[in-house]
Each structure stands twice: as C-alpha cells, then as structure tokens.
Amino acid sequence: MTNAVAGPGKVIDLYGLSSPNVMKVVILLEEAGLPFRLLPIDIWAGDQFSDDFKALNPNSKAPVIVDPDGPDGAPFTVFESGAILVYLAEKVGRFIPAGPAARYAMLQWLMLQMASIGPMYGQATHFRRSGPPGSEYSLARYTTEARRLADVLEVCLSQAAYLAGDDYSIADMATYPWIALYHEPNGIDLNTLPSLKRWSEAIAARPAVAHVHSLWAEWAQNDQTRRGKASSDGFDRLFGRGKYARVD
C-alpha cells in the first residue's frame, strides 16, 4: 500500500499496478492534487478474479477507484480507466472542456486511446513478450497498427499543442503513458515524429507527471517481482490459455 499523494480531502483508493492504464489515472490524481493510495493488484496471482475484486469490477481488470466522497457524498466505485478520467475531471472541474464542441473534440481522442491505442499497443507488447513460436503474424499485425496510430497522433499534434487543441486535457493524460512506456518496444522512433516527440516531452516535464515517473520505477519493480513468483497456472489464467482457453 503506497500513500502517493498528500493533500486535503478524503483519500481515494486506487486498485492497480504499473500499467499505462493505471499511470493515466495517477497522472490525473497528481495533476488535480487529489489524495490517494495505491492498493496493488497482483494479476499474476489472480487477485483480479477474487470475489472481493469482482464486486468492484465484474470485468476483473485494473484500474478501479473507490471515492469515499462520491456524487451524493457516499462512497462511489468507478472502473474502466477512461470512465475514471471523466469522473475525476468532472469532480475537480479541470482538464475537461465545459462547452459541447470542445468537450466532444476532446472525447473523440480519449475514445481513440481507449478503443485503438491501448488495445493495439497492448497486444503488440503481449506478443512481443509472451507470444509462443508462430506468433509472427500477430506481432506484425499489432506492431504495424501501433506505428500507424503514432502517425495519426503526429498529424494531429502538428496542428495543435495538445490532442484536443490548445489545452491539456484527459485525452493527453490517457494517451501519454502508452507513448512514454511503449514507443521503444514497438520500434517507434520519436525523432522521426517531431510533433509527437514535442508533445511527449512537454507532458513529461510537467511537475505532476515527473512525480509519477519518480514513483513508477519502484511500482514496476514490485510488479516484476510478483511476476517472477507467478506459477505457470497463473500465467495461463491471466492470458486465457491452456485449460483456461475457451475455444472449440
């Protein structure tokens, strides 16, 4: 359990690990100055499949937050990282446009991250790290899409400071971790994407984001230690393979 942010107000519980989807939530919590504590989820040991965790998120995925000061003053649980970002941004009244046109301009980039960038970069990384022999097609497919999406971001950011225009928003917070953590494994050279590089460096230089990076090495090492202790059954359950595969 890590007390990651000090500040006024009640402490938000964040269930997570050192993944990009958790990093995006931590960035917003830091930017907003919301006090929280990280409650580590050992995905290799199957914590996410426990009855207690599924009561928080029936989809058995991290992150999840429990806000003790929810919309009606009662504890409120939110899962799915994009939904968490919208919830927290609306809670503090920052990083999300108020006007309809600007709001939807931002939300479309947030949805692009949720629907495309996260899944494609995640699958490419999975097959690169854990794919069995014969996974070359899968690796090539997802890596190609990851690089295409980097090109899409480059075009957008060549026309504006941030993904939704002049203002830093939760769309940037959502997308940044996938570029920061996964561009190198996917062979994406930011020197060939000057606008994406400029954007990434500008976000990394923000004090809140720099603080997140200072926390990340320890969190990632803790997750690597947990992975090193995982059983073969733990890997099979996490990846949906072996006796956990649901195929005909």
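The values are calculated or read from the model by the stated rules, or taken from the named source; none is laboratory data. Because the structure is a prediction, the values reported are computed rather than measured. Neighbour counts run over all protein chains shown; Cβ positions are idealised from the backbone, glycine included.
Within the range 29-56, track down each residue that is on the phi > 0 side of the Ramachandran plot and crowded, with 17+ Cβ neighbours inside 10 Å.
Hit for the range 29-56 is G46, nothing else.
Taken over the range 39-71, the criterion of being under 17 Å from S231 (Cα atoms) and touching a residue at least 12 places away in the same chain (Cβ under 8 Å) is satisfied by I41, D42, I43, W44, A45, G46, Q48, F49.
Return yes or no: is A83 in the same structural domain as Y176 (by TED's automatic domain parsing) and surrounded by fewer than 18 Cβ atoms within 10 Å (Cβ to Cβ)? The answer is no for A83.
Of the residues making up the range 198-214, those that are surrounded by 12 or more Cβ atoms within 10 Å (Cβ to Cβ) and under 19 Å from M23 (Cα atoms) are W199, S200, A202, I203, A204, R206, A208, V209, A210, H211, V212, H213. Within the span defined as the range 151-172, one or more residues are surrounded by fewer than 21 Cβ atoms within 10 Å (Cβ to Cβ), outside any helix (DSSP H, G or I) and aromatic (F, W, Y). Inside the range 115-126, residues that are surrounded by fewer than 19 Cβ atoms within 10 Å (Cβ to Cβ) and touching a helix residue (DSSP H, G or I) at 6+ places or on another chain (Cβ under 7 Å) make up a count of 2.
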